[in-house]
1. Within region 77-86, restricting attention to residues that are of a type outside the set (Phe, Trp, Tyr) and crowded, with 24+ Cβ neighbours inside 10 Å, which residue is nearest to LEU284 (Cα to Cα)?
2. Quick one: which of LEU61, LEU29, LEU44, LEU21 is within 16 Å of the ligand (Cβ to nearest atom), among the hydrophobic types (A, V, I, L, M, F, W, C) and either touching a Leu at 6+ places or on another chain (Cβ under 9 Å) or at pLDDT below 95 (or both)?
3. Hey, does region 185-194 have a residue that's more than 16 Å from the ligand (Cβ to nearest atom) and either aromatic (Phe, Trp, Tyr) or out of contact with any Asp or Glu (no Cβ under 8 Å at 6 or more places or on another chain) (or both)?
4. How many residues does region 267-287 contain that are outside any helix (DSSP H, G or I), more than 15 Å from ALA227 (Cα to Cα) and β-branched (Val, Ile, Thr)?
5. Across region 238-281, which residue is nearest to GLY191 (Cα to Cα) among those that are among the β-branched types (Val, Ile, Thr) and in contact (Cβ under 8 Å) with a residue 60 or more places away in the chain?
6. Looking at (1) surrounded by fewer than 24 Cβ atoms within 10 Å (Cβ to Cβ); (2) within 16 Å of the ligand (Cβ to nearest atom); (3) more than 19 Å from VAL59 (Cβ to Cβ), which is the only condition GLY163 fails?
7. Across region 66-84, which residue is nearest to the chain's Cα centre (by Cα) among those that are within 16 Å of the ligand (Cβ to nearest atom) and at pLDDT 95 or above?
8. Give just the number: which of (1) of a type outside the set (A, V, I, L, M, F, W, C); (2) crowded, with 20+ Cβ neighbours inside 10 Å; (3) farther than 30 Å from GLY271 by Cβ does GLN388 not satisfy?
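The values are calculated or read from the model by the stated rules, or taken from the named source; none is laboratory data. Treat the numbers as computed from the prediction; the structure is a model and nothing was measured. Quick reminder, even Gly has a Cβ in these numbers, built from the backbone with ideal geometry, and neighbours come from all protein chains shown. Ligands, DNA and RNA are excluded from the accessible area calculation, which covers all protein heavy atoms including side chains. Shrake-Rupley method; radii C 1.70, N 1.55, O 1.52, S 1.80 Å.
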Amino acid sequence: MTPTITFHGAAGCVTGFCVRLQSDRASILIDCGMFQGSKTLKALNYEPFPFDAPALDAVLLTHAHIDHSGLLPKLMKAGYGGPIYATGPTQELCAIMLADAGGIQENEVEYLNRRNQRRGRPPVEPIYREADAERTMKLFRTVKLCDIVAVAPGITARYWEAGHILGSASIEVIVEATDGPLHILFSGDLGPGGRDYSPDPAGPAGVDHLIAESTYGNRERIEIDPATRRRMLADELREAQAAGGPMLIPAFAVERTQELLADLLTMMDDGSVPETLIFLDSPLAIEACEVFQKRGWNRSSRRNPFEDVRASARLKFMSKVADSNGIERLRGWHIIMAGSGMCDAGRIRRHLKRLLWRNETTVLLAGFQAMGTLGRLLQDGASRVRIQGEEINVKARIRALDVYSGHADATGLTAWVQARQPVAGNVFLAHGEPDALQGLRDRLTTVGFAADTITIPAIDASYALRKSGIVAMPSDSTRIAPAAAAALDWHNDRARFLLQLDETLEQAPDATTRRTLLTRLTRALDSNA
Ligand SMILES: [Zn+2]
């Protein structure tokens, strides 16, 4: 049988990475990520897997980010009991991140079920609980970079440095096939290189097929050395202090938060930025600090910059919800970092709710904001938003500082793919929004890749892999394409409509006009029923 590859996630979007590779002797997954972003996309997390979980022989994990690892406990619940291969740091990070994701789901479902009960609806179950996440960790097996590991009958794998986050890897998979061994390289998420705190991405040259991420496939970032990056952060801090209020940093809990903390504390120590207290209101980020304290790295100083972070008197850890209540009375210049980084969940929403309407507040968005998230709405200049059912005016200064990103930009991605040449067969582009996928495809054609050897797979699309090329297989998937799902997503329309309704009612000259409007709307709803 010719090996086949099927793209079950991050096809046409940036989240939910999950690829299944099937040979005549084994079936494996590369990553098992959670869909994030719009509600329509997140609904996919609740649907059954479009494959037989107990029949899988192995899972290879590129890195700990939830959009790559987040559905592993669901896979275990669905009957998967085989090994999950990952690097040591990825394993340590997964232990805290998956447990956190399980805890978040338990809380969300508890809240939802209280509402469902009041509305007379049946209760719902979380995708998985914290205890499921803990059980899943028993399936992990450690892989060292560069080692060749037999992962399933007829399949070996080699992990390469990806330079994206601590422990991240690109994975080269070698599958026995009728026309000889087939080398398939999965980029995972790729780092930009040249960073203080992470190594540069690497990888083998000469593969049969390549699966490349495309997050920033159509965007160039200014080349930033660590010193410039700190200067830019310092400027933001000075302006935020001048505005007189707090700075809220929606925190990408793992790595970016630790990097920001290391930079903030270093600059406060040397007096180059206004000193203040930093409240880290994210149990996950606090736990991740411990992993970085142990595993951190700095290429220039050759020492671990995260060692001192936890000891700093300026840094206040808010582990329990009760700890964070105290910050609410605080006024003036201070910094609050809270999850999540795209503002679509976590404690940051509470801080945004109480601070977005104040002129003196600064919100610093420190990374990619996916379509459909509250962070993206803010970045795009929304003047009003709804948070936890409440309408909030946005008066705060919204700033984006995307220089702490752990992703390579378009030039970096193109260079990485080029360095893997010769690629005998096909390049699949995944893990990008439609414009980014198209952008990277265009760039690759200018550096010697023929357009007909670059494929942008749809969700659940399958291909037979031969040495020299691919054959598209029929798909019986009924799952909606993520881009179409984003376009069809009505939740933001609903939020906008409710805001507009309230505004129109407020501005109406008198009660009669208001009642007439409501009568007309009710009639429209009745006629639709
Ligand atoms: Zn990632």
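1. Ranking the qualifying residues of region 77-86, first place goes to ALA86.
2. Selected residue: LEU61, the only one of LEU61, LEU29, LEU44, LEU21 that is within 16 Å of the ligand (Cβ to nearest atom), among the hydrophobic types (A, V, I, L, M, F, W, C) and either touching a Leu at 6+ places or on another chain (Cβ under 9 Å) or at pLDDT below 95 (or both).
3. no
4. Residues that pass the stated criteria total 2.
5. Here the answer is VAL254.
6. (1)
7. HIS68
8. All conditions pass for GLN388, except number (2).
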